[in-house]
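Q: Below is one structure. I have some questions about it.
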Amino acid sequence: MRVLRILTRANLGGPARQVVALHEAFRQLGHEHLSVVGSLGDGETELPLPDHGFVRVRGLVTRIDPAGDLIAANALRRIVRDFRPDVIHTHTAKAGMLGAAVARRVPLAHTYHGHVLKDYFGRAKSAAFRIIERRLCRRRDLVTCVSESCGRELVELGVIAPGAWRHVPPALRLAQAPALRHEVAAGLRIAWCGRLVPIKDPSLLVGVTEELARLVARVEVHVFGSGPLSGVLEDRSDLPFVLRGPCPDLPELLAGFDAMLFTSKREGLPLAAVEALHAGVPIVGPRVRGLLDLEGPGVRLVARDAGALARSCLDPPRVPGRRRELLRTTHDPCRIARALLEEYGLLRSTDARHQV
């Protein structure tokens, strides 16, 4: 099968990491796979990409850019004409929009890794984006979501019809023998990972750190990420922040932390949390969509309150070995690729019947 995968940008976020994992899995299973990526946003760090099978398209960006969108759409049409895919699978909003524009007579799939249809913009803009996504979904032959809560919310928002989506866990290559968390020599070390943007709520992170500094004599909160709200943390030199910036090597560093903290208002399904659990590092966060999908052994979810989150960091739950094994199976890229191949096969047979 020839699969064309389109991603808006290959930053260090979850969607790009999943696309890389799927790209390698499809090729490992013997299928022709071409991945298209666009340009990074200001201040973003690129995820290292494989040497083969990736194409960059100029003009494919996250922001609204009519001229760039036209350039990207024309480039994508040429790629579709030359590669002749059996299926086009898009990831993230802009790629989804342009993919729908160029996928004539080719089955079209789209994955929601989360969404920006609520809590990101004002009411009017969010409503307009929901209308656009609703129309796009009518043109898609397959819609998948990385978490059950993401899919249910898209149904609640009227974007997807009930029963018209599939839950496909994110593909993530986890080491067979992870470096399990070791006992920290002194003090408390907490990891926080994400873009410093409003949806991740860095102000709540400041509040939790204030509480931790009050409760614990020695504490460090290591922040892996950057973004437009970096100043919220940089201005608090009185707090025990260790600003690490974007870090492609985070999985190898996880074993040195007592817990990973989340302060997000919502998540799709955070891969950093999956990797932390796999390394034996417990998760502490608020009871929000995306994190609720991970609830279970090794995860403690509490109210969106600085004090409650800080106290949970002091005595995080243990991650049992059986959960680490289950995560490796659930997110195995080849298993996810096989599941998608089955869905693609159904799309091809349906498409062939329609053409007859």
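The values are calculated or read from the model by the stated rules, or taken from the named source; none is laboratory data. The structure displayed is predicted, hence computed values, not measured ones. Quick reminder, even Gly has a Cβ in these numbers, built from the backbone with ideal geometry, and neighbours come from all protein chains shown.
Q: Would you point out which residue out of Arg322, Arg289 is part of a loop (DSSP other than H, G, I, E, B) and basic (Lys, Arg)? I'd like the intermediate steps shown before the answer.
A: Numbers: Arg322 fails: part of a loop (DSSP other than H, G, I, E, B).
Only one candidate passes the filter, namely Arg289.
Q: Does Val221 satisfy the criteria of being part of a strand (DSSP E or B), in contact with a helix residue (DSSP H, G or I) (Cβ under 8 Å, 6 or more places away or on another chain), under 23 Å from Asp315 (Cα atoms) and at pLDDT 95 or above? Show your work before the answer.
A: Details: part of a strand (DSSP E or B): yes; in contact with a helix residue (DSSP H, G or I) (Cβ under 8 Å, 6 or more places away or on another chain): yes; under 23 Å from Asp315 (Cα atoms): yes; at pLDDT 95 or above: yes.
Against the criterion (part of a strand (DSSP E or B), in contact with a helix residue (DSSP H, G or I) (Cβ under 8 Å, 6 or more places away or on another chain), under 23 Å from Asp315 (Cα atoms) and at pLDDT 95 or above), Val221 qualifies.
Q: A further question follows. Just to be sure I understand, how many residues within segment 294-331 are over 22 Å from the mean Cα position of the chain (by Cα), within 11 Å of Gly280 (Cβ to Cβ) and basic (Lys, Arg)?
A: Going through segment 294-331 one residue at a time, the tally reaches 1.
Q: Related question: Given the condition surrounded by fewer than 20 Cβ atoms within 10 Å (Cβ to Cβ), of a type in the set (A, V, I, L, M), farther than 18 Å from Arg348 by Cα and not assigned by TED's automatic domain parsing to the domain that holds Lys200, answer yes or no: does some residue in segment 136-157 qualify?
A: yes
Q: Output the residue which, of all residues in segment 278-293 that are within 16 Å of the chain's Cα centre (by Cα) and of a type in the set (A, V, I, L, M), is surrounded by the most Cβ atoms within 10 Å (Cβ to Cβ). Step through it out loud before you land on a result.
A: First, pick out the residues of segment 278-293 that are within 16 Å of the chain's Cα centre (by Cα): 288-293.
Remaining after also requiring of a type in the set (A, V, I, L, M): 288, 291-292.
Working: Val288: 18, Leu291: 23, Leu292: 17.
Out of the qualifying residues, it is Leu291.
Conditions (1) assigned to a helix (DSSP H, G or I); (2) loosely packed, with under 15 Cβ neighbours inside 10 Å, marked per residue:
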{"position": "Asp51", "(1), (2)": "no, yes"}
{"position": "Ile79", "(1), (2)": "yes, no"}
{"position": "Leu98", "(1), (2)": "yes, no"}
{"position": "His115", "(1), (2)": "no, no"}
{"position": "Tyr120", "(1), (2)": "no, no"}
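Q: Right, something else. Quick check on my filter: what residues within segment 102-135 are more than 23 Å from Gln18 (Cβ to Cβ) and either of a type in the set (Gly, Ala, Ser) or not assigned by TED's automatic domain parsing to the domain that holds Arg81 (or both)?
A: Gly122, Ala124, Ser126, Ala127, Ala128
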